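Presented below is the structure to which this report refers.
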Amino acid sequence: MSRIGKLSQKRKAMKLRTADLYYGAVLSRIAGFPVLTEIHQVGQDGFYEINGERRLLVKYSIASGPVWRFAFSPDDIARLAKGARYDTWITLVCATESICLLSLDQLGEVIDLGAVARQWVSVSIAPGHSLKVAGSLGLAQYTVRRNAFPADMLVAGRRTEDFRWPPLCQIRVYRSGQGLAYTTEDPFFDFADHLALDLGRRPKVVHVGMLTRSPEWTEWTPVNLKRVEEKISHDLAFDGYDVRIERITPETKGKNCLVPLCSREFLWKLTISVAR
């Protein structure tokens, strides 16, 4: 084959498919949300694993609306069944208008998840209203908020109560002698992944600050401080690290002293080492 022919083939191989554009719209929203840690494609196009515990099937329609229709083949239903042990979700991309997020239970209200025949789902969008969903089994009893995706998927489920930091919090990491290294508002920020991966034989010292503007967290009381410290210890111990936690911000002493407000940073010194 001539050089020109090879270049022509290469250009064709590099062209984007229509599907790539719509999958990209979904993945871009997920990547922009602070909970994300990792995402992998699973099997065929449009099926992804998120944070090791969720599965997501992406469907798209390029129709002009206001109703978008999506087909679910027997293969699609089989893929959803294989991911049953995961927290499974479905996104229906309605051209450039909106993304409709459904849990597997919600999908099961409008199609037969045990069917061996082709099923369908439709999404209707009216200005100023939530999304209406219908399917092979009829009209859904629920509606879907336009802004449900991706927050409802990424914040829902097992991790919400067990692993999240205080709501509306900001975590600040300081390197010794270098000042502020970075800040994050990730409610599932992993201390082991971000602070201990480069740990050598000697203990590592890191200063960490936290503040929150949540109405549920108003003052840095001994109870609230202990809640944060227990989560830090659990986070690091789970991955095989020991940590000594020292409170740097002055604490309340005496009845007439003011308790530090949670809207102001509380600072800790962490000494992290490999568990023996």
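Looking for something closer than 27 Å to GLU38 by Cα, out of contact with any strand residue (DSSP E or B) (no Cβ under 6 Å at 6 or more places or on another chain), in a loop (DSSP other than H, G, I, E, B) and of a type in the set (Phe, Trp, Tyr) - is there at least one such residue anywhere in the range 187-207? Yes, the conditions are met somewhere in the range 187-207.
Screening the candidates ASP235, ASP242, ASP198 for the property of being without any contact (Cβ under 8 Å) to a residue 40 or more places away in the chain and surrounded by 14 or more Cβ atoms within 10 Å (Cβ to Cβ) yields one hit, ASP242. Selection over the range 95-151 of residues that are part of a helix (DSSP H, G or I) and either free of Cβ contacts under 8 Å to residues at least 60 places away in the same chain or closer than 17 Å to PHE72 by Cα (or both) gives a count of 7.
Each row is one residue, and each column tells you yes or no for (1) under 21 Å from SER176 (Cβ atoms); (2) at pLDDT 90 or above; (3) under 23 Å from the mean Cα position of the chain (by Cα).
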| position | (1), (2), (3) |
| --- | --- |
| GLY200 | yes, no, no |
| THR212 | no, yes, yes |
| TYR241 | yes, no, no |
| GLU246 | yes, yes, no |
| PRO250 | yes, no, no |
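In the range 59-93, the residue that is nearest to ALA117 (Cα to Cα) out of those that are over 22 Å from the mean Cα position of the chain (by Cα) and part of a strand (DSSP E or B) is PHE72.
Determine whether the range 100-119 contains at least one residue that is at positive phi and in the same structural domain as GLU49 (by TED's automatic domain parsing).
no
Among residues of the range 121-174 being within 30 Å of PHE191 (Cβ to Cβ), surrounded by fewer than 17 Cβ atoms within 10 Å (Cβ to Cβ) and among the charged types (D, E, K, R), the one that is modelled with the lowest pLDDT is ARG158.
The values are calculated or read from the model by the stated rules, or taken from the named source; none is laboratory data. Source: prediction; values computed, not measured. As a convention, Cβ positions derive from the backbone with ideal geometry for all residues, glycine included, and neighbour counts pool all protein chains shown.
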